[in-house]
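The values are calculated or read from the model by the stated rules, or taken from the named source; none is laboratory data. Owing to the predicted nature of the structure, the values given are computational and were not obtained by experimental measurement. Counting neighbours? That spans all protein chains shown, and the Cβs are built from the backbone with ideal geometry, glycine included.
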C-alpha cells in the first residue's frame, strides 16, 4: 500500500499543483507513491500534464511508471517525447521484452528509428531479436536479460560474473549453466553458490535437472509449465538448445490476465479488446458482429416457428414453454462449452482421456435433464396443465439438454482441431445455435407425440 491515498479531493489538488508546476510540493507526494499509483494518476491527466509529472521522477521510477500504463496510454504518452528521448529515457532502462511489446504496437518506421537511437547497441540488438517471434509464444514473452555461467568456472569466477551481469537484471532468482556452445545444461541457485567454496567447480555443484521451453512454444504451454512446476522463472532455448532468454512469473501473469480478458470479452460477445474509454466506433465494431449473428439466429428461429404454425395453433400451450426450452438449451450449451474451453486451456483434456470427458458431460446432462424434467412434471400436475402437453415438454426438455451438451462439448473440440480459439464456442455463438436447435428439437418431439 502506498504511504498516501489518492482521493477525488487530493487528485484535484495534485492537478492544481501540476498546472502551477509546483515542484516543491509535488516531489514529497511523488516520493510516497508507488509506480502503479502514479500510473493511475496518468489516466486523469492530459498529455502535457503527464509529461511534466514524469519529468519530476527519477529515471528508473519514470520507466517503472511507464510500464504500468496500459498499451494505449503508453503510445499516447510517448507522443510527448522526441525519438531520441524515447530511446534513451525509456527504452534504455526497460527490459527487452517490455520494449519489444511496445515496438510491436508502434508504426514500423517509428520503431526502427527508436532502435537506431538507443545508445546501448547490445540492448538494442536484444530488443530487435525479440520482434521476430509470433505473438503469444515463449519468444515474444521472454526477456534477454538473465544470469548465465560456464560449467568449467569456479565459484569465485561465477560470483564475479554474476556481479557484472546482475547490473542488467532486475530480479535474480538463479544462474543458468551453459557449456562452451551456450547450450543449456543446468542451473544453480544463488544460495548454493554462496555456501560453496570459492575454489569449487560449478560442474560439481550445479543441478542438471533443468526445465526449459523453446522459443516457439505457445504462451499457454509456458504458463502451464510454470504453474505445474511452481517456477518463478523459466529458461527459453532455441532449436539447438542454446539459452536465449527467460520468462519470469510477472510476464506470465500479464499474459494470463490478457488472455482471460479476451476470453471474457468473447464470452460476452465482444470480438476484440476494448475499454470503456475507447471511441464509439471502436466499441461498435467490437460488438456488432456477434449482434448480427444473434439477429441471424433469431430470424432462423422465427422461420422454424413459422413452419410449425399449424401445430402451435392446435396446441397453444406449447408456445408457453418455448422461452423455457430456449433458455435451458442456451444455458446448458454455455456450461458444457465453458468446461471444455477451460480443459483445453489448461491441457487437462488429452486424446487419451477425451472420450471419458465426453461421456462424463453426457452423463451430467442426462441427470440434470431428468431432474429438471421431473420438476417440470411436478409443476404441471400442481398447476393443472394438460398432462399430455406436460409429458411432451418434459421429454423435449431432456432431449434438448442432451443435444445442447453435445453441441457445447463438440464445438470447442472441433475449433481446437482447426487451430481456432475454442473460446469462440462460448457466449453468443453457442447460445444462438442451441436456441435454434433446441427449438427445432422441441417442435419435432411435439409433432411426433401430439401429431
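Of all the listed residues (17, 45), the sole one being touching a helix residue (DSSP H, G or I) at 6+ places or on another chain (Cβ under 9 Å), outside any helix (DSSP H, G or I), at pLDDT below 90 and farther than 25 Å from residue 141 by Cα is 45.
On the given criteria, is residue 329 closer than 23 Å to residue 415 by Cβ and modelled with pLDDT of 85 or more? The answer is yes for residue 329. Residue count for region 364-387 under the criterion of being in contact (Cβ under 8 Å) with a residue 12 or more places away in the chain and either outside any helix (DSSP H, G or I) or not assigned by TED's automatic domain parsing to the domain that holds residue 442 (or both): the result is 2. Filtering region 232-252 to residues that are more than 19 Å from the chain's Cα centre (by Cα) and part of a loop (DSSP other than H, G, I, E, B) leaves 238, 239, 240, 241. For region 200-229, residues that are assigned to a loop (DSSP other than H, G, I, E, B) and in contact with a helix residue (DSSP H, G or I) (Cβ under 7 Å, 6 or more places away or on another chain) total 6. Do you know which of the residues in region 154-179 that are modelled with pLDDT under 90 and not in a helix (DSSP H, G or I) is nearest to residue 242 (Cα to Cα)? Among residues in region 154-179 that are modelled with pLDDT under 90 and not in a helix (DSSP H, G or I), the one nearest to residue 242 (Cα to Cα) is 174.
Given the criteria assigned to a helix (DSSP H, G or I) and modelled with pLDDT of 90 or more, does residue 359 qualify? So residue 359 fails the test.
Regarding residue 419, is this residue within 30 Å of residue 292 (Cβ to Cβ), surrounded by fewer than 19 Cβ atoms within 10 Å (Cβ to Cβ) and either outside the structural domain of residue 220 (by TED's automatic domain parsing) or out of contact with any strand residue (DSSP E or B) (no Cβ under 8 Å at 6 or more places or on another chain) (or both)? Answer is yes for this residue.
Annotation: of all residues in region 367-386 being surrounded by fewer than 17 Cβ atoms within 10 Å (Cβ to Cβ) and in contact with a helix residue (DSSP H, G or I) (Cβ under 7 Å, 6 or more places away or on another chain), the one that is modelled with the lowest pLDDT is 386.
Answer yes or no as to whether residue 414 is touching a helix residue (DSSP H, G or I) at 6+ places or on another chain (Cβ under 9 Å), at pLDDT 80 or above and surrounded by fewer than 20 Cβ atoms within 10 Å (Cβ to Cβ). For residue 414, the condition - touching a helix residue (DSSP H, G or I) at 6+ places or on another chain (Cβ under 9 Å), at pLDDT 80 or above and surrounded by fewer than 20 Cβ atoms within 10 Å (Cβ to Cβ) - is met. Taken as a whole, the structure places residue 175 among residues that are surrounded by 15 or more Cβ atoms within 10 Å (Cβ to Cβ) and touching a strand residue (DSSP E or B) at 6+ places or on another chain (Cβ under 8 Å).
Among the residues of region 180-199, those identified as out of contact with any helix residue (DSSP H, G or I) (no Cβ under 6 Å at 6 or more places or on another chain), without any contact (Cβ under 8 Å) to a residue 60 or more places away in the chain and not in a helix (DSSP H, G or I) are 180, 184, 185, 186, 187, 188, 189, 197, 199. For first residues located in region 41-55 and touching a residue at least 12 places away in the same chain (Cβ under 8 Å) and assigned by TED's automatic domain parsing to the domain that holds residue 69, partners that are part of a loop (DSSP other than H, G, I, E, B) and surrounded by fewer than 18 Cβ atoms within 10 Å (Cβ to Cβ) and lie 6+ apart or on another chain with Cβ distances below 6 Å form the pairs 47/80; 51/80.
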